[in-house]
Amino acid sequence: MSRPRTVIIGAGFAGYRTARTLSRLARGRADITLLNPTDYFLYLPLLPQVAAGILEPRRVTVSLSGTLRQVRLVLGEADRIDLDARTVHYTGPEGDGGSLSYDRLVLAAGSVNKLLPIPGVAEHAHGFRGLPEALYLRDHVTRQVELAAATDDPATCAARCTFVVVGAGYTGTEVAAHGKLFSDAQVHKHPMRTGMRPRWLLLDTADRVLPELDERLSRTADRVLRDRGVDVRMGTSVKEATREGVLLTDGEFVDTRTLVWCVGVRPDPLAESLGLPMERGRLLVDPQLRVPGRPEVFACGDAAAVPDLEEPGQYTPMTAQHAWRQGKVCAHNVAASLGDGEPRSYRHRDLGFVVDLGGVKAAANPLGVHLSGPAAGAVTRGYHLAAMPGNRVRVAADWLLDAVLPRQAVQLGLVRSWSVPLDTASPEVARVPPGPGRKRSGEEAAEPAPGPAGNRPGGEPGRRRSGPRPPAGQHLAPGPVKRTDSSDNPAGPGNPVDPGNPVDPGNPVDSVEGDS
């Protein structure tokens, strides 16, 4: 008799936890397959530290094959799910297609950058959801400092030293906080630093920083940012983005070559393609994370609208805290559906939140106790070390080295601006040009790479290439892209844009429940 087959789509917080827990529960009695475009789990809360040069990129990644020993890893992006045939169709990293049959399916596809219909944003902004975007931002900030030092034009110098971050949720707040320290340190030790004054702007339509958190945490973060020199502007956003800068909603034009888009996230479009009942782009499930009418299908994390049993009538927010804990419950319920144990309903209790503001500064309220300054910083880093499923010693070592040694500010040039477009359904994958003679399905052969990246703020200069150039705003990718998200209707049906209520994964304080 063949063993039951479980396919898990996505290896974010929810998918990774599901695979890890289910492999322990099944003890070899089930075939578990994990479909993911990369071979690592990304610990998103520490991504701003990668962009700021504190942590090396591999520190925030955990090998899937190395930590999920009884799970088969398939590299690829899910294109289509045939619910009746119980088959997942996917595209591999080299453009080849494949399919996976299942007896149980767990949809944990996560989320993608949230787009708003603002002119120029899709062409001139970069998100902050994946490792390629963090590496690009680190190189980009370093490059702008070098270019500012080399110019004789004060206006150009000021524009290159101006960095605009849109979205004052977790991600945007931490990016601005760490980015200001990073750019200040580079300018301070630069031999040609005369006249260079890095300027960081943090914008949001909300009335305060971290609007989704307790007001005391918000006040602490706001005070640290302003004391550090970040220009915090609430009730303000971007009206239009251009190559030379951004026009703000208050009428001011800011000369800049850097626009970081952190307005939040939206569910992966894959969930919407199933044609099942949705809630603002998320797949509706019952408290046991099962899709009604499809007992073999489970969903958790950002892709699922999970009823909040603590607040009837509401759904749990799209945060890492809920995704991580839902993954464990989902694994138990999948095992129960296969005859091992009893199903569980998802319940939660918030244990507090932590916000890393760089240096020794942070804001935290573990178990409701409000902390700030070094004490909050210690709690925040202690939480991250406890919550990470791997690399703890390496992360701690990088923190120690950062405390006693200057950061290395060099451009690696590994990620180009055109390879991390904002309008992508796969922010975890850097786009690269297809090889010579290769064609994408249904398309003519693309040229080796897009035209010069000068069509983006701060884009790297490109070599002149013969042949046709792609239309403005078009991003070329290897093989078929998983899904095409229209910037004309960025949120898609059932997922309306709500610029005043951004969703951000954040850094919740939570029990690690014995995981190491």
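The values are calculated or read from the model by the stated rules, or taken from the named source; none is laboratory data. Model, not experiment: these values are computed from the prediction. Using ideal geometry, Cβ is built from the backbone for each residue, glycine included, and neighbour counts are taken over all protein chains shown. Keep in mind that these areas ignore ligands, DNA and RNA; they rest on the heavy atoms of the full protein, side chains included. Shrake-Rupley method; radii C 1.70, N 1.55, O 1.52, S 1.80 Å.
Would you check if there is a residue in the stretch 233-240 being part of a loop (DSSP other than H, G, I, E, B), at positive phi, of a type outside the set (V, I, T) and touching a Gly at 6+ places or on another chain (Cβ under 9 Å)? So far as the stretch 233-240 goes, no, none of its residues is part of a loop (DSSP other than H, G, I, E, B), at positive phi, of a type outside the set (V, I, T) and touching a Gly at 6+ places or on another chain (Cβ under 9 Å). Give the residues of the stretch 310-349 that are without any contact (Cβ under 8 Å) to a residue 60 or more places away in the chain, of a type outside the set (D, E, K, R) and assigned to a loop (DSSP other than H, G, I, E, B), sorted by residue number. P312, G313, Q314, T316, G339, P343, S345, Y346, H348, listed by residue number.
Restricting attention to the stretch 1-24, the residues being of a type in the set (A, V, I, L, M) and modelled with pLDDT under 95 number 1. Quick check: anything in the stretch 180-189 farther than 17 Å from R228 by Cα, part of a helix (DSSP H, G or I) and modelled with pLDDT of 95 or more? No, the conditions are met nowhere in the stretch 180-189. The set of residues in the stretch 35-47 that are open to solvent by 10 Å² or more (accessible area, probe 1.4 Å) and not aromatic (F, W, Y) comprises N36, P37, T38, D39, L42, L44, P45. Is it true that some residue in the stretch 23-34 is open to solvent by 10 Å² or more (accessible area, probe 1.4 Å), assigned to a helix (DSSP H, G or I) and not hydrophobic (A, V, I, L, M, F, W, C)? Within the stretch 23-34 (the criterion being open to solvent by 10 Å² or more (accessible area, probe 1.4 Å), assigned to a helix (DSSP H, G or I) and not hydrophobic (A, V, I, L, M, F, W, C)), the answer is yes, since at least one residue qualifies. For A378, indicate whether it is touching a Gly at 6+ places or on another chain (Cβ under 8 Å), farther than 14 Å from L46 by Cβ and not hydroxyl-bearing (S, T, Y). Judged against the criteria, A378 is not a match. Scanning the stretch 382-390 finds one or more residues that are more than 21 Å from the chain's Cα centre (by Cα) and at pLDDT 90 or above. Being among the aliphatic types (A, V, I, L, M) and either in a loop (DSSP other than H, G, I, E, B) or crowded, with 20+ Cβ neighbours inside 10 Å (or both): is that true of L385 here? Judged against the criteria, L385 is not a match. Name the single residue, out of those in the stretch 174-209 being surrounded by fewer than 22 Cβ atoms within 10 Å (Cβ to Cβ) and small (G, A, S), that is farthest from V354 (Cα to Cα). Here the residue is G195.
Selection within the stretch 56-87: residues that are small (G, A, S) and under 30 Å from A396 (Cβ atoms). The member of this set that is least open to solvent (accessible area, probe 1.4 Å) is G66.
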